[in-house]
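First comes the structure, then the notes that go with it.
The values are calculated or read from the model by the stated rules, or taken from the named source; none is laboratory data. Source: prediction; values computed, not measured. Heads up, the Cβs are rebuilt from the backbone with ideal geometry, glycines too, and the neighbour counts pull from every protein chain shown.
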Amino acid sequence: MLKPAQPSFVAFGGILGDPLILEFVKRERFVPKTSVEYTVRIPEPANHLVHIDLGVAKAEEGGVILRMPVWTPGSYLVREFSRHVMNVTARRVGGDPVEVEKIRKNAWLVKTKPGKRVEISYTVYANELTVRTSHVDADHAFLHPAATFLYVEGREAEAMTVRIEAPEGWESATSLPLVGEDTFKAANLDELMDSPFEIGTHQVLSFTAAGVPHRIALHGTGNFDLEELLGDTATICNAAAEMFPGDHPCRSYTFIYHVLEGAGGGLEHLDSSVCGFSVRAFKPERSYVRALSLISHEYFHLWNIKRIRPRELGPFDYDRENPTRLLWVSEGFTSYYQYRILRAAGLMPVPDYLDETAGMIRAYLEIPGRAVDPVAEASFDAWIKLYRPNENTRNSTISYYLKGALIGMLLDLAIRDATEGEKSLDDVMVKLWKLFGQRPAEGFTEEELRSILAETAGRDLGAEIDSWVHTTDELPFAGYFAKLGLEIVPRDPGDPGAWLGITTKEQNGRTLVREVLTGTPAAAAGLSAGDELIALDDWRIGNLLELLGERAPDDVAALVISRRGRLRRLTVTLGEAPVTDVVLRPVDGAGEREARLFEGWAGAPLQVADEHPRPAPKDLRPRPI
């Protein structure tokens, strides 16, 4: 168990280094000159508006072309951020207006003379509070660069500055270095786009981990213990950094935590991350560990994807999709390691770790799309499927987060088995870091990953990759867990009862069908997403689970529904629910080899796995009934 870093509740500025330098830039108002300079003004935050002035020196022949990204790195969906841009105007230094023409959905031509400086102004509407969009209100401003800053075509490689003129009493937190009073500098466009701003009256907490200054900008409040959250965040950072040799990837790191009703999700950035938590996400203890797993996931991205990246993901093209078939590595492996880091940090007991692993297997088994879409193709189609889910998503595709995590786990176990526990997937990540992570201009390919896997395992794992990644073959969980002395068994081996094969949602007192799973009794009977369930065998549907519990598989039932306001009667032959709710437990009589491999994997003796896990927090994912 790693010892948590000693936290302190001391706020610090954007330069995480010499305080004399920080004092100098504040006193002298020193700002290094760049050819692209942004000034951000938020005079009336309650109106959700951000006003931006952009100064561009030495315009090129033909004028200045401004572009707005259509997507943001880490969130693979074209979001059309330009829809929130208003009132783009321009003037020369003397004040004379310059014509501006919109030439594409996300591009504007400023018709200025070559060699002259031009001042551009525009407004952005920011009222979408997620980790991947911008939000401004009377309490704070969260500025996602891709959703906020127009950039100058042809100047992407140049340094640029951002000056924040915030409401009185507000402060700015970002990973960009402070170079003047309220002024920050990005080395190039990619660094700017990967450095969000939290502006407001947030708490700023600081600590050192792996020898590097870190801070948390915390907006909102919830049922957390502040000192515990700070200390555990530091412990996670130390545990993750310990895995990778050499210097830490960045000179400083910034967490932005939004603790607000309805907040959720996370997004990684070059030297920072944004995590959203609901106000009650931190109790009971298992819920708190889930919250820590989000922090762990985003921090591990500091290595995996921000620096160890698929070749297709850089340099970025902000105008269109940047597809890759390797998100099962970048996101999937990170989803696997988010819990392994918590184990290494002593923040997740072994029974909970096994229960979380079993929960991933259950979620995987409840997705019919696993038999339709190979995970490599699901990765490639992230832009049109994962971020645009509908009622048929569960039937048509698989999450590269989920299946990628399970593939990472199986590869880890395969390597441990082949090397008698001497090597693991950790060694693969370290090799990727040495070869590609410290030369981020060079992304890796699947062939290079296969080579590193084979070198680490001492045998070719190509057949496993071909099957697990490029086909819809079932993943061989049982055989690999047996190597650890574990078996997969149903959590409740009792009578599973009758089953329809749908998920539901409640709306204004009505029970509506959310999804109809492929190959189920509901699908055979003709149920459709959106149908309102009225009655089953002349009994009005209040609690559908109770009604189904009174029936048996193969019973024929009459189902009354309302579809677009018209009553219909369907006949359904009920089925038997598939066994998906499973647990991992030690096999009776597991041998010395199995016990040794288990301890290397879980960091504790095999006997600990038999301890009863604490109650899991409520699972908000809809489950088929």
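Summary of computed values
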| item | result |
| --- | --- |
| Residue selected from the stretch 85-132 under the condition surrounded by fewer than 20 Cβ atoms within 10 Å (Cβ to Cβ), free of Cβ contacts under 8 Å to residues at least 60 places away in the same chain and polar (S, T, N, Q), by the criterion nearest to Ser35 (Cα to Cα) | Thr89 |
| Some residue of the stretch 418-428 being at pLDDT 95 or above, among the aliphatic types (A, V, I, L, M), surrounded by fewer than 17 Cβ atoms within 10 Å (Cβ to Cβ) and in a helix (DSSP H, G or I) | yes |
| Residue ranges of strands (runs of 3 or more DSSP E) in the stretch 499-580 with at least 3 members buried (at least 17 other Cβ atoms within 10 Å of the Cβ) | 502-507, 510-516, 532-536, 556-563 |
| Neighbours by Cβ (under 6 Å, 6+ apart or cross-chain): first from the stretch 160-171, of a type in the set (Ser, Thr, Tyr); second assigned to a loop (DSSP other than H, G, I, E, B) | Thr161/Thr34 |
| Enumeration of residues in the stretch 75-121 that are more than 37 Å from the chain's Cα centre (by Cα) and of a type in the set (Ser, Thr, Tyr) | Thr112 |
| Filtered residues of the stretch 252-263 (kept if at pLDDT 95 or above and either touching a Gly at 6+ places or on another chain (Cβ under 7 Å) or assigned to a loop (DSSP other than H, G, I, E, B) (or both)) | Ser252, His258, Val259, Leu260 |
| Count of the stretch 342-362 residues which are small (Gly, Ala, Ser) and surrounded by 19 or more Cβ atoms within 10 Å (Cβ to Cβ) | 3 |
| Any hit, the stretch 384-399, residues being at negative phi, without any contact (Cβ under 8 Å) to a residue 24 or more places away in the chain, part of a loop (DSSP other than H, G, I, E, B) and crowded, with 18+ Cβ neighbours inside 10 Å | yes |
| Any hit, the stretch 7-18, residues being modelled with pLDDT under 95 and either assigned by TED's automatic domain parsing to the domain that holds Pro315 or part of a strand (DSSP E or B) (or both) | yes |
| Helices (runs of 4 or more DSSP H) completely within the stretch 441-492 that count 1 or more residues being surrounded by 16 or more Cβ atoms within 10 Å (Cβ to Cβ) and free of Cβ contacts under 8 Å to residues at least 40 places away in the same chain | 446-457, 462-470 |
| Residue in the stretch 502-513 that is out of contact with any strand residue (DSSP E or B) (no Cβ under 6 Å at 6 or more places or on another chain) and hydroxyl-bearing (Ser, Thr, Tyr) present | no |
| Residue match in the stretch 604-611 (condition: touching a Gly at 6+ places or on another chain (Cβ under 9 Å) and either surrounded by 17 or more Cβ atoms within 10 Å (Cβ to Cβ) or at pLDDT 95 or above (or both)) | yes |
| Residue within the stretch 429-438 that is free of Cβ contacts under 8 Å to residues at least 40 places away in the same chain and not in a helix (DSSP H, G or I) present | no |
| Asn127 being out of contact with any Phe, Trp or Tyr (no Cβ under 9 Å at 6 or more places or on another chain), at negative phi and among the polar types (S, T, N, Q) | yes |
| Residue list for the stretch 351-374, filter: part of a helix (DSSP H, G or I) and in contact with a Ser or Thr (Cβ under 7 Å, 6 or more places away or on another chain) | Arg362, Leu365, Pro368, Gly369, Arg370, Ala371 |
| The stretch 146-195, residues that are hydroxyl-bearing (Ser, Thr, Tyr), within 22 Å of Leu49 (Cα to Cα) and crowded, with 24+ Cβ neighbours inside 10 Å | Thr148, Ser172, Thr174 |
| Residue list for the stretch 74-130, filter: in contact with a strand residue (DSSP E or B) (Cβ under 8 Å, 6 or more places away or on another chain), assigned to a loop (DSSP other than H, G, I, E, B) and small (Gly, Ala, Ser) | Gly74, Ala126 |
| Residue list for the stretch 44-69, filter: farther than 22 Å from Lys116 by Cα and either of a type in the set (S, T, N, Q) or surrounded by fewer than 20 Cβ atoms within 10 Å (Cβ to Cβ) (or both) | Glu44, Ala46, Asn47, His48, Leu49, His51 |
| Residues satisfying the stated conditions in the stretch 227-248, i.e. free of Cβ contacts under 8 Å to residues at least 60 places away in the same chain and surrounded by fewer than 15 Cβ atoms within 10 Å (Cβ to Cβ) | Glu228, Asp247 |
| Test: residue in the stretch 22-41 that is modelled with pLDDT of 90 or more and either in contact with a helix residue (DSSP H, G or I) (Cβ under 7 Å, 6 or more places away or on another chain) or part of a loop (DSSP other than H, G, I, E, B) (or both) | no |
| Positions within the stretch 209-225 being under 26 Å from Leu176 (Cβ atoms) and either touching a residue at least 40 places away in the same chain (Cβ under 8 Å) or in contact with an Asp or Glu (Cβ under 7 Å, 6 or more places away or on another chain) (or both), in sequence order | Ala209, Val212, Pro213, His214, Arg215, Ile216, Ala217, Leu218, His219, Gly220 |
